[in-house]
């Protein structure tokens, strides 16, 4: 569907009722956007040592704390993720919508109960400002990776996490972040369009969000609002690079989800 923006489709789809088969915008508003799922998946990572096989990594993205995404909504996602007892937690960006400052502190507060033996790490999305949001997250004990990487010592082995900002797009800029990595590496990139750059740099595992899974997924047509991305939700593979795109928690443009429930994800690491 060339020429139609993500925003125009989402607003238009709801305006015309989203089609009778999908249950319509009323369903998506009252139920669909609250139908929180836990997704379990195996994430292949190149050169993963045997000691790190089975490591459990929790992933939550696109919170979009706002008038439509309440503290209770975020709390439910936090509870669901914490119940899985992850070894490590990563957050994929977009904690508020359009950088709305009134929700920066509430977003960080809602995420403050997240904890894991090997830490909680976050990147920024296109809706997050570069100052207030990372400060608020850091104040709650969440380490924000802004075009940087960190080395984690786990079970006497090393795992590296790299995180890039939404606006870090060029291959050479991402290369500067991952240069020198000698241990198994997972890249956190809010935008799944970074799959091409990750493949060029031979990065084996990438976690993304941003798409919301399309938010409205229509029978036969699929996730029309996310067609410009390499994948709307779930796994994509290009060369030796595997990417997982989460549907996330919140909504943008319209507070509706149809055939596209919100999710938190628990990965189990396996050798690639």
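Quick notes on this one:
- Qualifying residue in region 132-155 (condition: closer than 12 Å to residue 188 by Cβ, in contact with a strand residue (DSSP E or B) (Cβ under 9 Å, 6 or more places away or on another chain) and in contact (Cβ under 8 Å) with a residue 40 or more places away in the chain): yes
- Picking from residues in region 115-131 that are in a loop (DSSP other than H, G, I, E, B) and touching a residue at least 60 places away in the same chain (Cβ under 8 Å), the one that is surrounded by the most Cβ atoms within 10 Å (Cβ to Cβ) is 123.
- Failed item, numbered, when residue 104 is tested on (1) out of contact with any helix residue (DSSP H, G or I) (no Cβ under 6 Å at 6 or more places or on another chain); (2) modelled with pLDDT of 95 or more; (3) not in a strand (DSSP E or B): (1)
- Residue within region 174-195 that is buried (at least 24 other Cβ atoms within 10 Å of the Cβ) and either assigned to a loop (DSSP other than H, G, I, E, B) or without any contact (Cβ under 8 Å) to a residue 24 or more places away in the chain (or both) present: yes
The values are calculated or read from the model by the stated rules, or taken from the named source; none is laboratory data. The shown structure was predicted, so the numbers you read here are calculated from the model rather than taken from an experiment. When we count neighbours, we look across all protein chains shown, and the Cβ atoms used for this are built from the backbone with ideal geometry, even at glycine.
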